[in-house]
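One structure below.
Readers should treat all values here as calculations from the given coordinates under stated rules, not as data from a laboratory. Just so it is clear, the structure is predicted and the values come from calculations on it, not from any experiment. Don't worry about glycine lacking a Cβ; one is built from the backbone with ideal geometry, like all the others, and counts go over all protein chains shown.
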Ligand SMILES: Nc1ncnc2c1ncn2[C@@H]1O[C@H](COP(=O)(O)OP(=O)(O)OP(=O)(O)O)[C@@H](O)[C@H]1O
Ligand SMILES: [Mg+2]
């Protein structure tokens, strides 16, 4: 990590009532990297994402994207500053078709364009995530994996520099998993920087340049995947009390 | 012939029901605020038309140039300064819903009270465009036709706006999931406020048109709020054409029931239909979700 | 019961013993009069224009004149009003009347607005023996209540004597060959509308006139044109709609739109309202309506001016009538010369009272000869029936076409 990080998180904090969900997290993400964020259930991973995207207000700390402060901005501005995300529990817009779901992202994200031009670009994006055939189906009628694809396409449509994936690979069968891994790798190759929360270790090993581990709201380990995953402390946290 | 005329009357009344429900559909369906003071905007529009006409001989349609912007700004201010703080404070959606109902209920009394003090409690009405027009041999009043036309035009315009424009896409996204919407860069607070204010503006239009053929007084608002709520729930929250269709169904059912069975039954028919929809399609007649 | 009577006897004995010295020296500073009227909620519009405003105006008029003269103290004593809002809720009205009597210990309580509220609060007035002259109440029940509720007086016309003259009128016109005697009745599905329609049908039967249509419609209906069309197809020559304000306005406008203009056209509550005048202008000429006042009654013109000065709006027969009942109360108090509710009750029950609305006498506590039918003639509502009343004018027949 010698280069200037694209995303720099410093001292990020959040409590819910008495519960300290995130207690002083520091994290650097280099431009073009894939960083894995792992940790037991309830350790605060999703909350970190929520804080970065401005969905919930931080109690303290800073999040800089290429030097620009994100904390304090409303969520839609963070998105326009090119940080996009997917949700752990899929959150597409069920009353709209696949295409409309993705169009929304394209029309309102960074570099918004006219509806006519957006339509073409969205077509290409759907092609890319493998949804071209389902473009005019209602979101509510899609299978689980296709809904995940919609979410990804919608996030990409906002033209992110940093993409935050919250367990995007969870719940996929082995062959779907391979497709998913390939897709993420391709996005990185196209220049998108990725932070992924994941429990699927196979994917972490295959994709990540760097892994950080959270437990009870704090980072407890960080490094290359193989090193981190063989760390006895990490194993203890994962296998021991799972609701840390 | 009488039957045809009864159906036609029902269609016109149904259009009016649709009209008063459109604004609520924007406020509740998109901005997600159950506004119990919704009908007070109709009352305001009606009084504006009335006073403009009686005091200054200004045409009720011209009074729209005043009442619509005022209703828009008024509702915007209410959303921005009374209801948004509730969103911030509320722990979850149920709490928010309860809070907004309480606050807007209070607002209802404030508006009604001010109107009572300002304008007294008596019934008001004026005669405007109460001229017969002949439609396929049946006779109807022009003022009712006007309200119907406005309802259809507004419903179609809103439908088009929501379906075919960039703004509409954002509004629909907000209606479905405001959290997800803000994370695809939609300015949810601003557009919600816009939808809420537009709902108020439509209600001012409804108030002006309805006041041309129904008498009103300072406490009439709640009657229309309830009616609108029934139509919105029947038609499907957030569905503009559904709202119009539900209004028309109600209107025609009332008219037919009155003509074929007994006029005393119209209210009963109304509620029976409403209950039926609640039981069979609780999400509304025209909802996909 | 027994104990209470004894106790009361004891108290009045004590009072009688102490009274002459104490009372003359200590005339009350004011006569405290309370009321609970609907100032918010659905009843507020009617209650405010017909009832509340009249209480305020009367109190001002009385106090401007120095108060009510109490013989016993040999001086005028001003009125002090204590008012509550029952929020259009009947239980609240009952609670508030009780509160006025027990907590606020007012000298007198004025009745609330509306038939239902008046009937519901009357037992409270009677339980505590507070006399009340109910004006905004019209229901067949009051005829049976006389002996049970001796402190309640009913000043308005009731459904039976409100409709009998209408049937008689139709029979007479039929006999004279002026109409065929086909009658259509529409009414709101509410107590007053139902009772009026029922009484009207009975009266028509007795007078041998044919009822060709009689149907109700619900309160709050938003369109009556199909029903009017149906009526029109039957070609009646007299149309009676026992309606409430919104439907009164609607039926009149829609009859005009479809060109339904029978020679006799009658609508209910709301017909005499200033808004009706504003809406229909000259077209109101000839429309018959429920109740009336004697436009020649002394003091009425001055009252209308005072009303205008205080509220900046016109009056309607309901407000004039309400004010009339307050004059009855005032006269009864002055006759008695002190605040003794039993004596005041007896004075109302037995007296004859000239007011700005009518000359009132109560038989079985009901004003039996109340104005039943009025008519718009020019810009005035004139009394038509009972035809033998002072100030009654001849019927304008036929009603001019719209
Ligand atoms: N909005 C909220 N209000 C209150 N508590 C919350 C809220 N969001 C999260 N929490 C709590 O904060 C803690 C961290 O939650 P978070 O969702 O960040 O965990 P996670 O690491 O994403 O877990 P998982 O692997 O199960 O998704 C949990 O105890 C959770 O209950
Ligand atoms: Mg999580």
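Structural remarks
- Two-decimal ratio, the protein assembly as shown, of alpha-carbon radius of gyration to 2.2 N^0.38 Å: 1.23
- Chain B pair-distance distribution - Cα-Cα, 10 Å bins, rounded %: 7, 28, 36, 22, 7, 1
- MRE, 222 nm, helices only [DSSP H, n ≥ 4, -39500 (n - 2.57), over chain C, to nearest 500]: -13500 deg cm²/dmol
- With contacts taken as Cα pairs under 8 Å at a separation of at least 6 residues, chain A carries a relative contact order of 27 percent.
- Of interest is the spacing of the C-alpha centroids, which for region B:34-55 and region C:125-198 amounts to 36 Å.
- Sorted by Cβ neighbour density within 10 Å, fewest at the top, the residues C:223, C:74: C:74, C:223
- Region A:90-159: relative contact order in percent, alpha carbon pairs under 8 Å with at least 6 residues between: 53 percent
- Calculated mean residue ellipticity, 222 nm, chain A: -11000 deg cm²/dmol, from DSSP H runs (n ≥ 4) at -39500 (n - 2.57) each, averaged per residue and rounded to 500.
- Surface/4 of the Cα convex hull for region B:72-142, nm²: 8.6 nm²
- On the principal axes of its alpha-carbon atoms, region B:60-182 has extents of 57, 45, 25 Å, going from largest to smallest.
- Compactness of region A:90-159 as Cα Rg over 2.2 N^0.38 Å, two decimals: 0.96
- When shorter helices are ignored and each DSSP H run of at least 4 residues is given -39500 (n - 2.57), the per-residue value for chain B at 222 nm works out to -23500 deg cm²/dmol.
- P(r) weight above 29 Å for chain A, C-alpha pairs, percent: 27 percent
- The convex hull built on the alpha-carbon positions of region A:166-231 has an orientation-averaged projected area of 4.8 nm².
- Averaging 1/r across all pairs of distinct Cα atoms in region A:1-55 and inverting the result yields a Kirkwood radius of 12.3 Å.
- Remark: relative contact order (region C:240-381) = 27 percent; criterion is Cα-Cα distance under 8 angstrom and separation of 6 or more residues.
- P(r) weight above 20 Å for region A:115-244, C-alpha pairs, percent: 52 percent
- Between region A:156-212 and region C:299-348, the alpha-carbon centres lie 86 Å apart.
- Normalised by residue count, chain C yields a Cα convex hull volume of 134 Å³ per residue.
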